[in-house]
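What follows draws every value from the coordinates through simple rules; no lab data is involved. None of these values were measured; they are calculated from a predicted model. Glycine gets a Cβ as well: all are built from the backbone with ideal geometry, and neighbour counts include every protein chain shown.
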Amino acid sequence: MQKNLVKLFLRLTIAVAFLSAVADRFGIWGTAWENMANFYAYTHTLLPWMSATMAKIAGIIATAAELIFALFLIIGYKVRLFANLSGVLLLFFALAMTFSLGLKAPLNYSVYTAAAAAFALGSMRNKFLEI
């Protein structure tokens, strides 16, 4: 039973963190980004080798991925797949932060930890409250 609860906890915390980030980009929290334009500017900071237009597209793709991954993790559909995809997305984000801002930024925001949690979730074979 403990493994099942740990798996559910990982699913929900990763999903809610993604949803919180997306909500913040749309100004729902009233903090950090406040709007998508600020988020796109930050995306360009993390991906300086891209044009502003390409960085905006990357930001749109990341936002859509976070929303989709969160929803599938919450409902429990193909959890291993979406957990591993979440891990890849978080790892790319952590690496982009590291190369653009230095190692301290992704460590302060626990992005590597979140990626590891997603990969740990993806390695769990037991099914619990899943479709």
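Observations
- Restricting the trypsin sites (Lys or Arg not before Pro) of the range 32-100 to loop positions (DSSP other than H, G, I, E, B) with no more than 16 neighbouring Cβ atoms within 10 Å leaves Lys78.
- Distance between modelled label sites at Glu34 and Ala116, nm, 7 Å Cα→Cβ extension: 3.5 nm
- Pairwise Lys count, the chain - Cα closer than 21 Å, eight or more residues apart or different chains: 5
- Separation between Cα centres of the range 1-52 and the range 75-105, rounded to whole Å: 11 Å
- 12 Å beta-carbon shell around Leu85, net charge (K/R +1, D/E -1): +1
- Across every direction, the projection of the convex hull enclosing the Cα atoms of the range 44-119 has a mean area of 4.9 nm².
- Simple rule: put +1 on each Lys or Arg Cβ and -1 on each Asp or Glu Cβ in the range 2-123, find the dipole, and look at Asn84, Thr113, Ser100; the Cα lying farthest toward the positive end is Asn84.
- For the range 45-105, applying the loop criterion from DSSP together with a ceiling of 15 other beta carbons within 10 Å to the chymotrypsin sites (Phe, Trp or Tyr not before Pro) yields Trp49, Tyr77.
- Computed log₁₀ I(q)/I(0) - Debye formula, equal Cα scatterers, no solvent, the chain, q 0.15 Å⁻¹: -0.71
- Cα gyration tensor of the range 15-77 - equivalent ellipsoid semi-axes, whole Å, descending: 22, 15, 7
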